[in-house]
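Written out below as C-alpha coordinates is the structure these notes cover.
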Amino acid sequence: MQGRLALWLTLGILMFAAASGVFAFLTVYHEVTEFMDDELRQVAALLERHKLPIPEDTAVSELSSPIKTKTAIVVRKLGSDAVGSLLPELPPDMPDGLQTIRSDGHEWRLFVTTRQSGERFAVGQRVILRNDIARQGAVAALLPLLLVMGFAAAGSCLIIRHVFTPVRALAKLVDQREDLDLTLLETHHVPSEILPFLEAVNRMLTRVNRAVETQRRFVADAAHELRSPLTALSLQAEHLAAADMSPQARERLARLGQGLNRARDLLAQLLALARAQANPREDVRAESLSLLLRQILEDMMPLAEARNIDLGVLSLDEATIQTPPHALAVILKNLLDNAIRYTPPGGRVDISASCADESVILVITDTGPGIPPAERERVFEPFYRLPGHDVTGSGLGLAIAKTLTTQLGGTIHLTDAPEGPGLRVIARFPTRLRLA
(Lines give C-alpha, C1' and ligand atoms only; values in the text may rest on other atoms or scores of the structure.)
Protein backbone atom coordinates (compact mmCIF):
# COMPACT_ATOMS: atom_id res chain seq x y z
CA MET A 1 0.00 0.00 0.00
CA GLN A 2 2.84 2.38 0.84
CA GLY A 3 4.52 1.72 -2.51
CA ARG A 4 1.29 2.15 -4.48
CA LEU A 5 0.43 5.36 -2.63
CA ALA A 6 3.90 6.78 -3.28
CA LEU A 7 3.70 5.69 -6.93
CA TRP A 8 0.31 7.27 -7.58
CA LEU A 9 1.22 10.43 -5.70
CA THR A 10 4.47 10.73 -7.65
CA LEU A 11 2.62 10.13 -10.93
CA GLY A 12 0.11 12.81 -9.96
CA ILE A 13 2.88 15.28 -9.17
CA LEU A 14 4.65 14.45 -12.44
CA MET A 15 1.43 14.89 -14.43
CA PHE A 16 0.78 18.20 -12.70
CA ALA A 17 4.38 19.21 -13.32
CA ALA A 18 4.08 18.28 -16.99
CA ALA A 19 0.85 20.25 -17.41
CA SER A 20 2.25 23.20 -15.47
CA GLY A 21 5.49 23.01 -17.41
CA VAL A 22 3.73 23.08 -20.77
CA PHE A 23 1.56 25.98 -19.64
CA ALA A 24 4.55 27.88 -18.24
CA PHE A 25 6.63 27.19 -21.35
CA LEU A 26 3.92 28.43 -23.71
CA THR A 27 3.18 31.45 -21.52
CA VAL A 28 6.82 32.53 -21.23
CA TYR A 29 7.39 31.81 -24.92
CA HIS A 30 4.45 34.03 -25.81
CA GLU A 31 5.56 36.79 -23.42
CA VAL A 32 9.10 36.81 -24.83
CA THR A 33 7.86 37.03 -28.43
CA GLU A 34 5.53 39.87 -27.41
CA PHE A 35 8.46 41.61 -25.75
CA MET A 36 10.57 41.32 -28.90
CA ASP A 37 7.67 42.68 -30.99
CA ASP A 38 7.59 45.67 -28.63
CA GLU A 39 11.33 45.99 -29.14
CA LEU A 40 10.82 46.35 -32.89
CA ARG A 41 8.22 49.07 -32.27
CA GLN A 42 10.56 50.89 -29.88
CA VAL A 43 13.42 50.87 -32.41
CA ALA A 44 11.10 52.30 -35.04
CA ALA A 45 9.86 54.95 -32.59
CA LEU A 46 13.47 55.81 -31.68
CA LEU A 47 14.39 56.39 -35.33
CA GLU A 48 11.32 58.55 -35.84
CA ARG A 49 11.71 60.55 -32.62
CA HIS A 50 15.33 61.51 -33.29
CA LYS A 51 14.86 61.86 -37.04
CA LEU A 52 17.71 59.43 -37.62
CA PRO A 53 18.43 58.83 -41.30
CA ILE A 54 18.18 55.42 -42.85
CA PRO A 55 21.60 54.67 -44.40
CA GLU A 56 21.51 54.73 -48.18
CA ASP A 57 24.85 53.07 -48.89
CA THR A 58 24.07 49.62 -47.46
CA ALA A 59 20.56 50.27 -46.23
CA VAL A 60 21.49 48.19 -43.17
CA SER A 61 21.75 49.29 -39.52
CA GLU A 62 22.35 46.74 -36.69
CA LEU A 63 21.26 47.81 -33.24
CA SER A 64 22.19 45.69 -30.20
CA SER A 65 19.20 44.07 -28.61
CA PRO A 66 18.84 44.54 -24.82
CA ILE A 67 17.78 40.88 -24.61
CA LYS A 68 20.78 39.26 -26.28
CA THR A 69 23.45 40.73 -28.58
CA LYS A 70 23.21 37.96 -31.15
CA THR A 71 19.65 39.04 -32.14
CA ALA A 72 20.43 41.64 -34.76
CA ILE A 73 17.75 44.21 -35.51
CA VAL A 74 17.91 45.27 -39.13
CA VAL A 75 16.42 48.46 -40.63
CA ARG A 76 15.62 48.88 -44.34
CA LYS A 77 13.71 51.34 -46.48
CA LEU A 78 10.75 49.96 -48.33
CA GLY A 79 11.31 49.85 -52.07
CA SER A 80 15.10 50.22 -51.73
CA ASP A 81 17.19 48.05 -54.05
CA ALA A 82 20.46 48.52 -52.14
CA VAL A 83 22.73 45.50 -52.16
CA GLY A 84 24.35 43.90 -49.10
CA SER A 85 21.24 44.17 -46.97
CA LEU A 86 20.36 41.31 -44.66
CA LEU A 87 16.69 42.02 -45.27
CA PRO A 88 15.36 41.15 -48.69
CA GLU A 89 13.97 43.87 -50.95
CA LEU A 90 10.64 44.99 -49.56
CA PRO A 91 7.78 46.24 -51.76
CA PRO A 92 6.77 49.86 -51.06
CA ASP A 93 3.10 49.00 -50.67
CA MET A 94 3.51 46.80 -47.57
CA PRO A 95 0.96 47.66 -44.89
CA ASP A 96 2.10 49.22 -41.66
CA GLY A 97 2.35 47.08 -38.53
CA LEU A 98 3.74 43.73 -37.50
CA GLN A 99 3.97 40.93 -40.02
CA THR A 100 6.02 37.87 -40.88
CA ILE A 101 7.51 37.25 -44.31
CA ARG A 102 9.62 34.49 -45.86
CA SER A 103 12.46 35.15 -48.28
CA ASP A 104 15.40 33.07 -49.47
CA GLY A 105 14.47 30.26 -47.06
CA HIS A 106 14.44 32.54 -43.99
CA GLU A 107 11.54 33.95 -42.03
CA TRP A 108 11.60 37.56 -40.84
CA ARG A 109 9.50 39.37 -38.30
CA LEU A 110 8.94 42.95 -39.44
CA PHE A 111 7.48 46.15 -38.10
CA VAL A 112 6.63 48.50 -40.96
CA THR A 113 6.01 52.21 -40.26
CA THR A 114 5.69 55.48 -42.22
CA ARG A 115 7.43 58.71 -41.23
CA GLN A 116 5.72 62.08 -41.29
CA SER A 117 7.80 62.85 -44.32
CA GLY A 118 6.20 59.92 -46.09
CA GLU A 119 9.33 57.83 -45.99
CA ARG A 120 8.58 54.18 -45.18
CA PHE A 121 10.91 51.65 -43.58
CA ALA A 122 10.86 48.30 -41.79
CA VAL A 123 12.56 47.12 -38.63
CA GLY A 124 13.11 43.35 -38.66
CA GLN A 125 14.56 40.33 -36.92
CA ARG A 126 15.24 36.78 -38.06
CA VAL A 127 12.45 34.54 -36.74
CA ILE A 128 14.88 31.71 -35.94
CA LEU A 129 16.84 33.98 -33.60
CA ARG A 130 13.65 35.18 -31.95
CA ASN A 131 12.55 31.58 -31.39
CA ASP A 132 15.91 30.71 -29.83
CA ILE A 133 15.58 33.58 -27.38
CA ALA A 134 11.97 32.66 -26.58
CA ARG A 135 12.87 29.02 -25.98
CA GLN A 136 15.81 29.93 -23.75
CA GLY A 137 13.62 32.22 -21.69
CA ALA A 138 10.90 29.59 -21.40
CA VAL A 139 13.36 26.88 -20.36
CA ALA A 140 14.95 29.21 -17.82
CA ALA A 141 11.52 29.86 -16.32
CA LEU A 142 10.66 26.14 -16.43
CA LEU A 143 13.72 24.79 -14.59
CA PRO A 144 12.77 26.14 -11.12
CA LEU A 145 9.30 24.64 -11.51
CA LEU A 146 10.77 21.23 -12.39
CA LEU A 147 13.15 21.39 -9.44
CA VAL A 148 10.31 22.27 -7.07
CA MET A 149 8.21 19.40 -8.41
CA GLY A 150 11.14 16.98 -8.05
CA PHE A 151 11.67 18.00 -4.44
CA ALA A 152 7.91 17.75 -3.86
CA ALA A 153 7.84 14.17 -5.20
CA ALA A 154 10.84 13.14 -3.09
CA GLY A 155 9.42 14.88 -0.03
CA SER A 156 6.03 13.20 -0.45
CA CYS A 157 7.71 9.77 -0.59
CA LEU A 158 9.63 10.52 2.61
CA ILE A 159 6.47 11.76 4.33
CA ILE A 160 4.56 8.63 3.29
CA ARG A 161 7.38 6.44 4.60
CA HIS A 162 7.35 8.33 7.91
CA VAL A 163 3.57 8.07 8.20
CA PHE A 164 3.74 4.30 7.65
CA THR A 165 6.42 3.79 10.32
CA PRO A 166 3.85 2.64 12.95
CA VAL A 167 2.46 0.16 10.43
CA ARG A 168 5.90 -1.32 9.76
CA ALA A 169 6.60 -1.51 13.49
CA LEU A 170 3.29 -3.30 14.04
CA ALA A 171 4.04 -5.74 11.19
CA LYS A 172 7.45 -6.49 12.70
CA LEU A 173 5.87 -7.07 16.11
CA VAL A 174 3.30 -9.47 14.65
CA ASP A 175 5.97 -11.27 12.62
CA GLN A 176 8.04 -11.87 15.77
CA ARG A 177 5.15 -13.47 17.63
CA GLU A 178 5.23 -17.12 18.54
CA ASP A 179 2.75 -19.55 17.03
CA LEU A 180 0.58 -19.81 20.16
CA ASP A 181 0.60 -16.10 21.04
CA LEU A 182 -2.98 -14.94 20.50
CA THR A 183 -2.85 -11.77 22.61
CA LEU A 184 -4.63 -8.77 21.12
CA LEU A 185 -2.71 -6.26 19.04
CA GLU A 186 -1.97 -2.83 20.49
CA THR A 187 -4.28 -0.20 18.98
CA HIS A 188 -2.70 2.91 20.48
CA HIS A 189 -0.48 5.21 18.42
CA VAL A 190 -1.56 3.73 15.08
CA PRO A 191 -3.01 5.69 12.13
CA SER A 192 -6.76 6.04 12.32
CA GLU A 193 -7.03 4.69 8.75
CA ILE A 194 -5.90 1.20 9.81
CA LEU A 195 -7.57 1.22 13.22
CA PRO A 196 -10.73 -0.56 11.94
CA PHE A 197 -8.51 -3.24 10.40
CA LEU A 198 -6.65 -3.77 13.68
CA GLU A 199 -9.90 -3.96 15.60
CA ALA A 200 -11.17 -6.59 13.14
CA VAL A 201 -7.94 -8.58 13.58
CA ASN A 202 -8.33 -8.39 17.36
CA ARG A 203 -11.90 -9.66 17.11
CA MET A 204 -10.65 -12.55 14.96
CA LEU A 205 -7.89 -13.31 17.49
CA THR A 206 -10.50 -13.35 20.24
CA ARG A 207 -12.58 -15.88 18.29
CA VAL A 208 -9.54 -18.03 17.51
CA ASN A 209 -8.43 -17.92 21.13
CA ARG A 210 -11.91 -18.97 22.22
CA ALA A 211 -11.94 -21.86 19.72
CA VAL A 212 -8.47 -23.03 20.77
CA GLU A 213 -9.43 -22.88 24.43
CA THR A 214 -12.61 -24.86 23.72
CA GLN A 215 -10.61 -27.51 21.88
CA ARG A 216 -8.02 -27.69 24.65
CA ARG A 217 -10.68 -28.09 27.32
CA PHE A 218 -12.36 -30.81 25.28
CA VAL A 219 -9.11 -32.77 24.94
CA ALA A 220 -8.29 -32.36 28.63
CA ASP A 221 -11.82 -33.28 29.76
CA ALA A 222 -11.94 -36.28 27.44
CA ALA A 223 -8.58 -37.51 28.71
CA HIS A 224 -9.68 -37.13 32.32
CA GLU A 225 -12.99 -38.89 31.67
CA LEU A 226 -11.25 -41.79 29.96
CA ARG A 227 -8.55 -42.19 32.58
CA SER A 228 -10.82 -43.73 35.22
CA PRO A 229 -12.38 -46.40 32.94
CA LEU A 230 -8.94 -47.32 31.59
CA THR A 231 -7.56 -47.65 35.11
CA ALA A 232 -10.47 -49.89 36.05
CA LEU A 233 -9.93 -52.04 32.95
CA SER A 234 -6.23 -52.34 33.75
CA LEU A 235 -7.00 -53.49 37.30
CA GLN A 236 -9.50 -56.03 36.01
CA ALA A 237 -6.92 -57.33 33.53
CA GLU A 238 -4.36 -57.71 36.32
CA HIS A 239 -6.84 -59.63 38.48
CA LEU A 240 -7.79 -61.78 35.52
CA ALA A 241 -4.13 -62.62 34.87
CA ALA A 242 -3.96 -64.30 38.30
CA ALA A 243 -6.74 -66.72 37.40
CA ASP A 244 -6.25 -70.09 35.71
CA MET A 245 -6.77 -69.93 31.95
CA SER A 246 -5.67 -71.62 28.79
CA PRO A 247 -2.49 -70.46 26.99
CA GLN A 248 -4.63 -69.07 24.19
CA ALA A 249 -6.68 -66.97 26.61
CA ARG A 250 -3.55 -65.75 28.39
CA GLU A 251 -2.08 -64.64 25.05
CA ARG A 252 -5.23 -62.69 24.30
CA LEU A 253 -5.12 -61.16 27.78
CA ALA A 254 -1.50 -60.07 27.18
CA ARG A 255 -2.53 -58.33 23.97
CA LEU A 256 -5.35 -56.63 25.88
CA GLY A 257 -2.87 -55.41 28.48
CA GLN A 258 -0.62 -53.99 25.75
CA GLY A 259 -3.56 -52.15 24.25
CA LEU A 260 -4.52 -50.71 27.61
CA ASN A 261 -0.95 -49.56 28.18
CA ARG A 262 -0.93 -47.80 24.80
CA ALA A 263 -4.24 -46.15 25.63
CA ARG A 264 -2.88 -44.94 28.99
CA ASP A 265 0.20 -43.54 27.25
CA LEU A 266 -2.01 -41.76 24.74
CA LEU A 267 -4.10 -40.22 27.51
CA ALA A 268 -0.96 -39.09 29.33
CA GLN A 269 0.30 -37.46 26.12
CA LEU A 270 -3.07 -35.80 25.52
CA LEU A 271 -3.02 -34.33 29.01
CA ALA A 272 0.56 -33.16 28.53
CA LEU A 273 -0.38 -31.53 25.21
CA ALA A 274 -3.39 -29.82 26.80
CA ARG A 275 -1.21 -28.46 29.61
CA ALA A 276 1.41 -27.30 27.11
CA GLN A 277 -1.14 -25.52 24.91
CA ALA A 278 -2.70 -23.88 27.96
CA ASN A 279 0.54 -21.84 28.29
CA PRO A 280 0.21 -21.34 32.08
CA ARG A 281 2.21 -18.57 33.70
CA GLU A 282 3.60 -20.83 36.36
CA ASP A 283 6.20 -19.82 38.90
CA VAL A 284 9.60 -20.54 37.43
CA ARG A 285 12.46 -22.18 39.24
CA ALA A 286 16.10 -22.91 38.52
CA GLU A 287 16.74 -26.38 37.11
CA SER A 288 20.18 -28.00 36.95
CA LEU A 289 20.60 -29.34 33.44
CA SER A 290 22.99 -32.13 34.42
CA LEU A 291 20.80 -33.32 37.31
CA LEU A 292 17.66 -33.19 35.20
CA LEU A 293 19.32 -35.06 32.35
CA ARG A 294 20.51 -37.82 34.69
CA GLN A 295 16.97 -38.28 36.00
CA ILE A 296 15.57 -38.47 32.48
CA LEU A 297 18.25 -40.97 31.43
CA GLU A 298 17.39 -43.17 34.41
CA ASP A 299 13.73 -43.11 33.38
CA MET A 300 14.51 -43.86 29.71
CA MET A 301 17.20 -46.48 30.26
CA PRO A 302 14.76 -49.44 30.61
CA LEU A 303 13.22 -48.62 27.22
CA ALA A 304 16.68 -48.27 25.64
CA GLU A 305 17.86 -51.57 27.12
CA ALA A 306 14.70 -53.34 26.01
CA ARG A 307 15.43 -52.24 22.43
CA ASN A 308 19.19 -52.83 22.74
CA ILE A 309 19.93 -49.13 22.15
CA ASP A 310 23.25 -47.60 23.21
CA LEU A 311 22.04 -44.51 25.11
CA GLY A 312 24.77 -42.19 26.36
CA VAL A 313 26.03 -38.64 26.92
CA LEU A 314 28.89 -37.35 24.75
CA SER A 315 29.41 -34.02 26.51
CA LEU A 316 27.59 -32.05 29.16
CA ASP A 317 28.21 -28.46 30.27
CA GLU A 318 26.89 -27.56 33.68
CA ALA A 319 24.12 -24.99 33.37
CA THR A 320 21.10 -23.72 35.25
CA ILE A 321 17.89 -22.99 33.37
CA GLN A 322 14.90 -21.05 34.64
CA THR A 323 11.79 -23.02 33.73
CA PRO A 324 8.30 -23.81 34.98
CA PRO A 325 8.14 -27.09 36.93
CA HIS A 326 8.42 -30.21 34.76
CA ALA A 327 8.41 -28.29 31.43
CA LEU A 328 12.03 -29.01 30.52
CA ALA A 329 11.73 -32.59 31.79
CA VAL A 330 8.73 -33.21 29.51
CA ILE A 331 10.65 -31.81 26.54
CA LEU A 332 13.72 -33.97 27.12
CA LYS A 333 11.67 -37.08 27.81
CA ASN A 334 9.64 -36.74 24.62
CA LEU A 335 12.70 -36.05 22.45
CA LEU A 336 14.58 -39.04 23.87
CA ASP A 337 11.52 -41.29 23.69
CA ASN A 338 11.08 -40.40 20.01
CA ALA A 339 14.78 -41.07 19.27
CA ILE A 340 14.79 -44.43 21.07
CA ARG A 341 11.56 -45.67 19.50
CA TYR A 342 12.65 -44.87 15.93
CA THR A 343 16.20 -46.22 16.28
CA PRO A 344 16.43 -49.88 15.22
CA PRO A 345 17.79 -52.45 17.72
CA GLY A 346 21.55 -52.26 18.07
CA GLY A 347 21.53 -48.54 17.23
CA ARG A 348 22.82 -45.57 19.16
CA VAL A 349 21.36 -42.39 20.69
CA ASP A 350 23.88 -39.73 21.73
CA ILE A 351 23.20 -36.65 23.84
CA SER A 352 25.30 -33.52 24.24
CA ALA A 353 24.63 -30.20 25.95
CA SER A 354 26.65 -27.00 25.69
CA CYS A 355 26.32 -23.35 26.72
CA ALA A 356 26.72 -20.38 24.36
CA ASP A 357 25.45 -16.77 24.42
CA GLU A 358 23.23 -17.21 27.51
CA SER A 359 21.64 -20.24 25.86
CA VAL A 360 21.79 -23.99 26.36
CA ILE A 361 22.09 -26.06 23.20
CA LEU A 362 20.88 -29.65 23.51
CA VAL A 363 21.74 -32.04 20.67
CA ILE A 364 20.23 -35.54 20.36
CA THR A 365 21.56 -37.70 17.53
CA ASP A 366 20.23 -41.15 16.64
CA THR A 367 21.03 -43.79 14.03
CA GLY A 368 17.43 -44.32 12.97
CA PRO A 369 15.92 -43.88 9.50
CA GLY A 370 15.82 -40.09 9.81
CA ILE A 371 13.09 -37.75 8.58
CA PRO A 372 12.87 -36.47 4.97
CA PRO A 373 13.36 -32.67 4.72
CA ALA A 374 9.84 -32.23 3.33
CA GLU A 375 8.34 -33.83 6.46
CA ARG A 376 10.40 -32.03 9.12
CA GLU A 377 7.81 -29.35 9.76
CA ARG A 378 4.80 -31.64 9.67
CA VAL A 379 6.15 -34.01 12.34
CA PHE A 380 5.56 -31.22 14.87
CA GLU A 381 1.82 -31.33 14.15
CA PRO A 382 -0.31 -33.24 16.70
CA PHE A 383 -1.08 -36.85 15.74
CA TYR A 384 1.03 -36.71 12.58
CA ARG A 385 3.13 -39.81 12.00
CA LEU A 386 5.52 -40.58 9.18
CA PRO A 387 4.09 -42.99 6.62
CA GLY A 388 5.79 -46.35 6.25
CA HIS A 389 6.73 -46.75 9.93
CA ASP A 390 5.22 -49.33 12.27
CA VAL A 391 6.61 -47.81 15.48
CA THR A 392 4.01 -47.63 18.21
CA GLY A 393 3.19 -44.17 19.50
CA SER A 394 0.59 -41.41 19.57
CA GLY A 395 2.20 -38.85 17.29
CA LEU A 396 2.14 -36.26 20.08
CA GLY A 397 5.68 -36.36 21.46
CA LEU A 398 7.31 -33.90 19.08
CA ALA A 399 4.22 -31.64 19.12
CA ILE A 400 4.44 -31.40 22.92
CA ALA A 401 8.20 -30.78 22.81
CA LYS A 402 7.79 -28.07 20.17
CA THR A 403 4.96 -26.34 22.06
CA LEU A 404 6.81 -26.25 25.37
CA THR A 405 10.08 -25.20 23.75
CA THR A 406 8.35 -22.28 22.04
CA GLN A 407 6.81 -21.21 25.35
CA LEU A 408 10.25 -21.24 26.95
CA GLY A 409 11.51 -18.90 24.21
CA GLY A 410 13.54 -21.67 22.57
CA THR A 411 13.72 -23.33 19.16
CA ILE A 412 13.90 -26.88 17.78
CA HIS A 413 15.49 -27.78 14.44
CA LEU A 414 15.76 -31.16 12.74
CA THR A 415 18.74 -32.05 10.52
CA ASP A 416 20.43 -35.15 9.17
CA ALA A 417 22.85 -37.00 11.38
CA PRO A 418 26.47 -36.09 10.52
CA GLU A 419 27.50 -39.71 9.94
CA GLY A 420 25.34 -42.18 8.09
CA PRO A 421 21.54 -42.34 8.32
CA GLY A 422 19.80 -40.86 11.30
CA LEU A 423 18.32 -37.69 12.73
CA ARG A 424 19.84 -34.88 14.74
CA VAL A 425 17.57 -32.75 16.94
CA ILE A 426 19.00 -29.37 17.99
CA ALA A 427 17.08 -27.63 20.78
CA ARG A 428 18.16 -24.21 22.04
CA PHE A 429 16.86 -22.81 25.34
CA PRO A 430 17.59 -19.44 26.97
CA THR A 431 19.09 -19.74 30.44
CA ARG A 432 16.83 -16.87 31.52
CA LEU A 433 13.22 -17.77 30.92
CA ARG A 434 11.22 -15.64 28.50
CA LEU A 435 7.72 -17.04 28.51
CA ALA A 436 6.16 -16.72 25.08
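The values are calculated or read from the model by the stated rules, or taken from the named source; none is laboratory data. Just so you know, these numbers come straight off a predicted model, no measurement behind them. FYI the Cβ positions are ideal-geometry reconstructions off the backbone, even for glycines, and counts take in every protein chain you see.
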Quiz item: GLN116: among the polar types (S, T, N, Q), in the same structural domain as HIS30 (by TED's automatic domain parsing), modelled with pLDDT of 85 or more and not in a helix (DSSP H, G or I), yes or no?
Solution: no
Quiz item: If you check GLY368 against the conditions, is it part of a loop (DSSP other than H, G, I, E, B) and either surrounded by fewer than 17 Cβ atoms within 10 Å (Cβ to Cβ) or at pLDDT 90 or above (or both)?
Solution: no
Quiz item: Are there any pairs with C-beta distances below 7 angstrom linking a residue in region 354-377 that is more than 18 Å from LEU414 (Cβ to Cβ) and in the same structural domain as ALA304 (by TED's automatic domain parsing) to a residue that is basic (Lys, Arg) and in a loop (DSSP other than H, G, I, E, B), with the two at least 6 apart or on different chains, and if so which?
Solution: GLU358/ARG432
Quiz item: So is ILE400 in contact with a strand residue (DSSP E or B) (Cβ under 9 Å, 6 or more places away or on another chain) and at pLDDT 80 or above or not?
Solution: no
Exercise. May I ask you to verify whether ARG168 is modelled with pLDDT of 80 or more, outside any loop (DSSP other than H, G, I, E, B), among the charged types (D, E, K, R) and not assigned by TED's automatic domain parsing to the domain that holds PRO92?
Key: no
Quiz item: Within the set of pairs 6 or more residues apart or between chains, which connect a residue that is among the acidic types (Asp, Glu) inside region 195-223 to a residue that is modelled with pLDDT of 85 or more and not in a helix (DSSP H, G or I) with Cβ atoms less than 8 Å apart?
Solution: none
Quiz prompt | Test set (1) over 30 Å from LYS333 (Cα atoms); (2) assigned to a helix (DSSP H, G or I) - ALA243 fails condition number | solution = (2)
Exercise. Go through region 102-125 residue by residue and tally those that are under 15 Å from VAL43 (Cα atoms), out of contact with any Pro (no Cβ under 9 Å at 6 or more places or on another chain) and in contact (Cβ under 8 Å) with a residue 24 or more places away in the chain.
Key: 10
Quiz item: Across region 179-209, what is the number of residues that are of a type in the set (A, V, I, L, M), modelled with pLDDT of 75 or more and either surrounded by 13 or more Cβ atoms within 10 Å (Cβ to Cβ) or not in a helix (DSSP H, G or I) (or both)?
Solution: 6
Quiz item: Among VAL349, VAL363, which is the only one that is at pLDDT 90 or above, buried (at least 20 other Cβ atoms within 10 Å of the Cβ) and touching a strand residue (DSSP E or B) at 6+ places or on another chain (Cβ under 7 Å)?
Solution: VAL349
Self-check item: All positions within region 126-145 that are hydrophobic (A, V, I, L, M, F, W, C) and surrounded by fewer than 16 Cβ atoms within 10 Å (Cβ to Cβ)
Solution: ILE128, VAL139, ALA140, LEU143, LEU145
Quiz prompt | Cβ pairs under 7 Å, 6+ apart, first in region 404-424 and closer than 19 Å to PRO345 by Cα, second among the aliphatic types (A, V, I, L, M) and surrounded by fewer than 19 Cβ atoms within 10 Å (Cβ to Cβ) | solution = LEU423/LEU414; LEU423/ALA417; ARG424/VAL363; ARG424/ALA417
Practice problem: Would you check if there is a residue in region 409-427 being in contact with a Phe, Trp or Tyr (Cβ under 9 Å, 6 or more places away or on another chain), part of a helix (DSSP H, G or I) and modelled with pLDDT of 80 or more? | Solution: no
Quiz item: Only one of GLU287, GLU305, GLU298 is acidic (Asp, Glu), outside any helix (DSSP H, G or I) and either more than 42 Å from the chain's Cα centre (by Cα) or assigned by TED's automatic domain parsing to the domain that holds GLY368 (or both); which?
Solution: GLU287
Quiz item: Considering only region 119-134, how many residues are of a type outside the set (Asp, Glu) and more than 60 Å from the chain's Cα centre (by Cα)?
Solution: 7
Self-check item: Test: GLY105 is at positive phi and modelled with pLDDT of 80 or more
Solution: no
Practice problem: Return yes or no: is ASP57 out of contact with any helix residue (DSSP H, G or I) (no Cβ under 9 Å at 6 or more places or on another chain), among the charged types (D, E, K, R) and at pLDDT below 70? | Solution: yes
Quiz item: So which of LEU5, LEU9 is under 30 Å from ILE159 (Cα atoms), at pLDDT below 70 and not β-branched (Val, Ile, Thr)?
Solution: LEU5
